[in-house]
Amino acid sequence: MKLIFIFLFLILFNSNSFSQIVYIDMNYILNNSKIGKSLNSHLFKVNNEFLSKFNQIESDLKKKEEELLAKKNIIEKSEFEEKISNLSKDIQNFRFNKKNSQEKLNKIKLENTKKILSIINPIITNYVETNSISLVVSKKNIIVGKKNLDITMKIIKLLNEKGESLNF
């Protein structure tokens, strides 16, 4: 009798706890919600601006180097070394500016992702309270799970309905 009671308790406890645990894919939400897509679009545009700017500068530096190497035997050694030194400084500045631009892009992404998460968190909290969910787990930590426990699409729908937007 005691064994049956323990068995029934475990079945009831397990079936109840499974219905209260769900999982969510935050990366999917950040990439596929309207607000996430607008951030990705903005980042893509800024990155393309940086790339075109730096590709042009890089092309100019290569051209200067080729011209300088072509004049190597024509100009005096001291003048050549001075021009090589100036070119090296230009290349260092180019690399420094390119690195700073990448850091700026990463900073924009990080700051705006935090803003989006601050918008998503109350939506998830409200959903959890409304549906009596006791635990939400990140999908990246799940090996196998039933599809009906994934609330990602429901949260995207609620987020898109809310219609939040950010100014980038």
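Can you tell me which residue among 11, 29, 4 is modelled with pLDDT of 95 or more, part of a helix (DSSP H, G or I), β-branched (Val, Ile, Thr) and out of contact with any Pro (no Cβ under 7 Å at 6 or more places or on another chain)?
Exactly one of 11, 29, 4 is modelled with pLDDT of 95 or more, part of a helix (DSSP H, G or I), β-branched (Val, Ile, Thr) and out of contact with any Pro (no Cβ under 7 Å at 6 or more places or on another chain), namely 29.
Across the stretch 122-139, what is the total count of residues that are loosely packed, with under 11 Cβ neighbours inside 10 Å and over 20 Å from residue 32 (Cβ atoms)?
Kept after step one, since they are loosely packed, with under 11 Cβ neighbours inside 10 Å, are these residues of the stretch 122-139: 122, 129-130, 132, 135.
Next cut, over 20 Å from residue 32 (Cβ atoms) only: 129-130, 132, 135.
The qualifying residues number 4.
Given 39, 87, 110, 68, which one is touching a Lys or Arg at 6+ places or on another chain (Cβ under 9 Å) and within 15 Å of residue 167 (Cα to Cα)?
Details: 87 fails: within 15 Å of residue 167 (Cα to Cα); 110 fails: touching a Lys or Arg at 6+ places or on another chain (Cβ under 9 Å); 68 fails: within 15 Å of residue 167 (Cα to Cα).
Residue meeting the stated conditions: 39.
Kindly indicate whether residue 91 is aliphatic (A, V, I, L, M) and outside any helix (DSSP H, G or I). Please lay out each step first, then the result.
Numbers: aliphatic (A, V, I, L, M): yes; outside any helix (DSSP H, G or I): no.
So residue 91 does not fit the description; no.
Which of the residues spanning the stretch 63-96 are of a type outside the set (A, V, I, L, M, F, W, C) and over 40 Å from the mean Cα position of the chain (by Cα)?
Kept after step one, since they are of a type outside the set (A, V, I, L, M, F, W, C), are these residues of the stretch 63-96: 63-67, 71-73, 76-79, 81-83, 85-86, 88-90, 92-93, 95.
Within the stretch 63-96, 67, 71, 72, 73, 76, 77, 78, 79, 81, 82, 83 meet the criteria.
Checking the conditions here, which among 94, 168 is in contact (Cβ under 8 Å) with a residue 40 or more places away in the chain, over 22 Å from residue 58 (Cβ atoms) and either among the polar types (S, T, N, Q) or surrounded by fewer than 16 Cβ atoms within 10 Å (Cβ to Cβ) (or both)?
On the way: 94 fails: over 22 Å from residue 58 (Cβ atoms).
Criteria check complete, one pass: 168.
When you look at residue 99, is it over 19 Å from residue 47 (Cα atoms), under 22 Å from the mean Cα position of the chain (by Cα) and of a type in the set (Lys, Arg), yes or no?
Values: over 19 Å from residue 47 (Cα atoms): no; under 22 Å from the mean Cα position of the chain (by Cα): yes; of a type in the set (Lys, Arg): yes.
No; evaluated as a whole, the condition is false for this residue.
Residue 109 fails exactly one of the following numbered conditions: (1) touching a residue at least 60 places away in the same chain (Cβ under 8 Å); (2) loosely packed, with under 11 Cβ neighbours inside 10 Å; (3) in a helix (DSSP H, G or I). What is the number of that condition?
(2)
Any residue in the stretch 51-62 that is part of a helix (DSSP H, G or I), of a type in the set (Lys, Arg) and farther than 30 Å from residue 167 by Cβ? Reasoning before the result, please.
The first filter runs over the stretch 51-62 and keeps only residues part of a helix (DSSP H, G or I), leaving 51-62.
Now restrict to residues that are of a type in the set (Lys, Arg): 53, 62.
After this cut, where a residue has to be farther than 30 Å from residue 167 by Cβ as well, the list is 62.
Yes, because at least one residue in the stretch 51-62 is part of a helix (DSSP H, G or I), of a type in the set (Lys, Arg) and farther than 30 Å from residue 167 by Cβ.
In this structure, does residue 142 turn out to be surrounded by fewer than 15 Cβ atoms within 10 Å (Cβ to Cβ), out of contact with any Asp or Glu (no Cβ under 6 Å at 6 or more places or on another chain), aliphatic (A, V, I, L, M) and touching a residue at least 12 places away in the same chain (Cβ under 8 Å)? Outline the logic, then answer.
On the way: surrounded by fewer than 15 Cβ atoms within 10 Å (Cβ to Cβ): yes; out of contact with any Asp or Glu (no Cβ under 6 Å at 6 or more places or on another chain): yes; aliphatic (A, V, I, L, M): yes; touching a residue at least 12 places away in the same chain (Cβ under 8 Å): yes.
Taking the combined requirement at face value, the residue satisfies it.
From the list 65, 103, pick out the single residue that is acidic (Asp, Glu) and over 30 Å from residue 159 (Cα atoms). Working first, answer last.
On the way: 103 fails: over 30 Å from residue 159 (Cα atoms).
After ruling out the rest, the residue left standing is 65.
The values are calculated or read from the model by the stated rules, or taken from the named source; none is laboratory data. Note that the structure is a prediction, hence the values are computed from the model and not measured. For neighbour counting, all protein chains shown are included, and Cβ atoms are generated from backbone atoms with ideal geometry for every residue, glycine included.
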